[in-house]
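The values are calculated or read from the model by the stated rules, or taken from the named source; none is laboratory data. This is a predicted model, so every value here is computed, not measured. We place every Cβ from the backbone using ideal geometry, glycine too, and count neighbours over all the protein chains shown. Just so you know, the surface numbers come from the protein's heavy atoms only, side chains and all, with ligands and any DNA or RNA stripped out. Shrake-Rupley method; radii C 1.70, N 1.55, O 1.52, S 1.80 Å.
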Amino acid sequence: QVPLVESGGGLVQPGGSLRLSCAASGISFSLYDMGWYRQAPGKQRELVATITRGYNTNYAGSVKGRFTISRDNAKNTVYLQMNSLAPEDTAVYYCNANWGQLSNYWGQGTQVTVSS
């Protein structure tokens, strides 16, 4: 039983696109703020994008204009559309669900590798 399961990662060439999905189960999805984070080898985990339960979005400066976060409450799923990918986007991408200080979940992560 895993509350959050990411999918859609893989190998893509520079300039390519990829869409990540995170399916939630066993939680009241519509009540949670959702986010995508990433961690490259030897680096700290960093915020990529968030979308609140009120559909407000926030992006890291490095991905703004290239990535789009969205959610479909009917499907209990949050997405990350990644366009114009570059090698520096290579990382393990993690899905996060947060309900203030009451509840916080992380997915297992999905590898995204951008290389020619």
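Computed over the chain with a Gaussian network model linking Cα atoms closer than 10 Å, the most mobile of Asn56, Asn98, Asn83 is Asn56. Computed over all pairs of different Cα atoms, the Kirkwood value for the hydrodynamic radius of the chain is 14.1 Å. Between region 37-87 and region 1-27, the alpha-carbon centres lie 11 Å apart. Around Ser84, with a cut-off of 13 angstrom between Cβ atoms, what is the net charge of the other residues, counting Lys and Arg +1 and Asp and Glu -1? The answer is 0.
I'd like the carbon and sulfur percentage of the solvent accessible area for the chain, probe radius 1.4 Å, heavy atoms only, ligands and nucleic acids excluded. Walk me through the numbers on the way to the answer.
Working: 2870 of 6130 Å².
Here carbon and sulfur together make up 47 percent of the probe-accessible area.
Counting other Cβ atoms within 10 Å of each Cβ, which chymotrypsin sites (Phe, Trp or Tyr not before Pro) in region 1-68 have at most 11 and sit in a DSSP loop? Walk me through the intermediate numbers first.
Values: sites: Phe29, Tyr32, Trp36, Tyr37, Tyr55, Tyr59, Phe67; in loops: Tyr32, Tyr55.
Those that pass, being in a loop and sparsely packed, are Tyr55.
So if R0 is 30 Å, what FRET efficiency would Ser70 and Ser115 give, r being the distance between their Cβ atoms, rounded to the nearest 0.05? Present the calculation step by step, with values, prior to reporting the outcome.
On the way: r = 26 Å, r/R0 = 0.88.
The formula returns an efficiency of 0.70 here.
Relative contact order of the chain: 37 percent, from C-alpha pairs under 8 Å at least 6 residues apart in sequence.
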